[in-house]
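The values are calculated or read from the model by the stated rules, or taken from the named source; none is laboratory data. Keep in mind that this is a model prediction, so the values were computed, not measured. Ideal geometry is used to build each Cβ from the backbone, glycine not excepted, and the neighbour counts take in all protein chains shown. Side chains are part of the model used for accessible areas, which takes the heavy atoms of the whole protein and leaves out ligands, DNA and RNA. Shrake-Rupley method; radii C 1.70, N 1.55, O 1.52, S 1.80 Å.
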Amino acid sequence: RNNFVHHNTADGIWYDAENIGSLIEGNTVEDNAREGIFVEISGQGIVRNNASRRNGISGIFISTSRDVEAYNNTIEDNFRGIIYFLNCGAVGGGGLGWDLVNDTVRDNIVKVGTRSGALANGLSHVSSCSPEQVAPYLNGSKDLVFESNTYYVPIITERYWLWGLGSLKPWSQWQALGHDITGSIQ
């Protein structure tokens, strides 16, 4: 809680492998070379009330973790906003039975920078996942929620939301997937 984590040559805050019930709260995470806040193969975590700015990859990166909530965070000018990530080779491993399931990203402010390729939020996966492995994550059966987030984007009509490898969506298609129905874009 309440740390200033900045200018690391890799990730800012990183929880990796079997972290159950973690709380990442009230931190300012800036200018790290990779992920700002990284929750990997863990579960039942809460990421709230943090400011994550100008990190080299994502503001918040949730990788093959279950029952994680990320809310009331301010995500600004990272290359990616908040990303769910699936590593199919890790699914079922560990004592927790690693999976990307029952995760909720809600009530965050995401400001997308102007760097080419910058994204707001989304879901991605390792390229070695088969279409059959990825299908339940893309079709909603794994309960991966984006809800009531507010987005500030450079160009409202552009594609800033990712749902599967290379599948960038504009706001209307993002909402058509059932995401951020009560969210807003500016």
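Structure values in brief
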quantity: Shape parameters for the stretch 2-111, alpha-carbon atoms, Rg then Dmax in Å; calculated: 12.7, 36
quantity: For Leu119, residues with placed amide H under 5 Å, excluding near neighbours; calculated: Arg80, Gly81
quantity: Heavy-atom surface of the stretch 38-111, accessible at 1.4 Å and reported per residue (Å²); calculated: 31
quantity: Solvent-accessible surface (1.4 angstrom probe) belonging to Phe61, in square angstrom, nearest 10; calculated: 30
quantity: Between the stretch 74-96 and the stretch 1-60, the alpha-carbon center distance in angstrom; calculated: 12
quantity: Where the stretch 130-179 is the region considered: accessible area per residue in Å², 1.4 Å probe; calculated: 52
quantity: Prolate/oblate/rounded label for the stretch 39-186 (Cα gyration tensor, a/c 1.5); calculated: prolate
quantity: More than 19 angstrom apart: percent of Cα pairs within the stretch 93-153; calculated: 48
quantity: For the chain, with +1 on Lys and Arg beta carbons and -1 on Asp and Glu, the positive-most of Ser130, Gly81, Gly113 along the dipole; calculated: Gly113
quantity: Rounded percent of accessible protein surface that carbon and sulfur make up, the stretch 1-44, 1.4 Å probe; calculated: 44
quantity: Normalised contact order of the chain, rounded percent, pairs of Cα under 8 Å and 6 or more residues apart; calculated: 15
quantity: Rounded to 5, the percent of DSSP beta bridges in the chain classed as antiparallel; calculated: 5
quantity: Calculated [θ] (222 nm, deg cm²/dmol) that DSSP helices of n ≥ 4 give over the chain, each run adding -39,500 (n - 2.57); calculated: -2000 deg cm²/dmol
quantity: 3J(HN,Hα) from dihedral phi, the stretch 11-21, Karplus parametrisation 6.51/-1.76/1.60, rounded to Hz, x for glycine, proline; calculated: 8, x, 10, 9, 9, 10, 6, 6, 7, 10, x
quantity: 5 Å binning of all Cα-Cα separations within the stretch 119-186, expressed as whole percents from 0 upward; calculated: 4, 16, 29, 24, 15, 8, 4, 0
quantity: Size descriptor, Kirkwood hydrodynamic radius, that averages inverse alpha-carbon separations across the stretch 35-98, Å; calculated: 12.0
